[in-house]
Amino acid sequence: MIVFPAIDVLGGKSVRLFKGELKNLKVYYDDPLEPALIFESLGFSHLHFIDLDGARSGKPENLSALQRIAQNTHLTIQFGGGLRSLESVDKVLELGAERVILGTILVKNLELAEKVISKYGPEKVVAAVDVRDEKVAIEGWQKKSSFALFELAKMLESLNPGHLLVTDIERDGTLKGVNFRLVENLLAMTKLPIIISGGVSSLEDIKKAAELEKRGVEGIVIGKAIYEKTIDLKEAVKFNNAN
């Protein structure tokens with residue numbers, strides 16, 4: 001299983017939100033490279049990078065931060081936020097991301113998602129299913145689509161991305177623990193490798209995710225728990241067997 005420490009970037013700074021809301025913003029590092037270097041020094045192999053500005057504007061806004069992390073670490077970066085054109089996907093991969101996270105276009109422009117997978121291959125693509133009140137949210141979680149989880153999951157089976165990222169928005173940034181009921185439902189719906197995100201609060205969450213690896217859980221994203229120090233990263237990295 002891969003353990004992904006997360007960096008959310010807004011205005012060039014490393015921040016965390018509460019349930020995706022900007023009004024609950026907290027800045028942790030002025031330079032996102034700083035936590036990335038810490039993660040690498042502890043032995044993590046991957047990084048979950050979210051461009052919060054891009055998620056809302058519709059195009060990546062924090063490319064300089066992505067480039068600096070790619071140039072100064074050996075972390076495998078999966079990048080999301082504002083990837084709504086083939087050109088933007090080209091750019092983030094050119095700057096050092098290894099995977100791109102597609103969310104909004106899965107609902108609004110499935111043809112474009114198909115083009116990305118056709119051009120770069122499934123392994124490069126992470127399909128993001130962000131759920132709020134049992135509906136899929138889009139555009140930086142600002143809007144709720146008409147898609148239910150099972151509808152989008154069924155559609156993604158035919159699209160065949162290499163990875164499926166599921167986030168319970170109501171848990172994200174709350175430190176209330178992972179919604180494993182949602183994860184179990186998704187495991188029953190799809191054979192795609194699943195990455196869990198949202199609400200991770202303790203090593204117990206990571207341990208439970210690892211126990212589901214044989215059933216299809218590929219990884220888990222840790223965000224606020226890192227920055228609020230509710231998880232010992234030296235222990236968390238022991239669950240990372242990506243190498």
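The values are calculated or read from the model by the stated rules, or taken from the named source; none is laboratory data. Only a predicted model underlies this, so the values are computations on that prediction, with no experimental measurement involved. With ideal geometry, Cβ positions are generated from the backbone for all residues, glycine too; neighbour counts draw on all protein chains shown.
Checked across region 95-108, the condition of being at pLDDT 95 or above and part of a helix (DSSP H, G or I) holds for no residue. Selection of region 53-75 for residues being surrounded by fewer than 24 Cβ atoms within 10 Å (Cβ to Cβ), over 11 Å from Pro5 (Cα atoms) and either touching a strand residue (DSSP E or B) at 6+ places or on another chain (Cβ under 7 Å) or small (Gly, Ala, Ser) (or both) yields Asp53, Ser57, Gly58, Glu61, Ser64, Ala65, Ala70. When Ala153 is tested against (1) touching a strand residue (DSSP E or B) at 6+ places or on another chain (Cβ under 6 Å); (2) crowded, with 17+ Cβ neighbours inside 10 Å, only condition (1) is not met. Within region 35-54, at least one residue is among the β-branched types (Val, Ile, Thr) and either in contact with an Asp or Glu (Cβ under 8 Å, 6 or more places away or on another chain) or part of a loop (DSSP other than H, G, I, E, B) (or both). Report whether or not Val221 is aliphatic (A, V, I, L, M) and in contact with a Lys or Arg (Cβ under 9 Å, 6 or more places away or on another chain). Judged against the criteria, Val221 is not a match. Going through (1) assigned to a helix (DSSP H, G or I); (2) within 22 Å of Lys191 (Cα to Cα); (3) modelled with pLDDT under 95 one by one, Glu123 falls short only on (3). One residue is enough: does region 184-195 have a residue meeting the conditions in a helix (DSSP H, G or I), crowded, with 23+ Cβ neighbours inside 10 Å and either of a type in the set (A, V, I, L, M, F, W, C) or under 15 Å from the mean Cα position of the chain (by Cα) (or both)? No, the conditions are met nowhere in region 184-195.
Taking into account only those residues within region 206-220 that are within 27 Å of Lys124 (Cβ to Cβ) and of a type outside the set (A, V, I, L, M, F, W, C), which is nearest to the chain's Cα centre (by Cα)? Walk me through it before giving the result.
Here is the first cut: in region 206-220, the ones within 27 Å of Lys124 (Cβ to Cβ) are 206, 209-210, 212-220.
So of that shortlist, the ones also of a type outside the set (A, V, I, L, M, F, W, C) come out as 213-216, 218-219.
On the way: Glu213: 18, Lys214: 21, Arg215: 20, Gly216: 17, Glu218: 12, Gly219: 10 Å.
Restricting to residues being within 27 Å of Lys124 (Cβ to Cβ) and of a type outside the set (A, V, I, L, M, F, W, C), the top hit is Gly219.
Which residue is farthest from Leu17 (Cα to Cα), if the candidates are limited to region 199-236 and must be among the β-branched types (Val, Ile, Thr) and buried (at least 16 other Cβ atoms within 10 Å of the Cβ)? The selected residue is Val217. In region 174-200, the residues that are closer than 30 Å to Leu25 by Cβ reach residues that are surrounded by fewer than 18 Cβ atoms within 10 Å (Cβ to Cβ) and polar (S, T, N, Q) with C-beta atoms within less than 8 angstrom, at least six apart or across chains, in these pairs: Leu175/Thr230; Gly177/Ser202; Gly199/Thr174. Take the conditions (1) over 25 Å from Tyr120 (Cβ atoms); (2) modelled with pLDDT under 95; Ala55 misses just one of them, which is (1).
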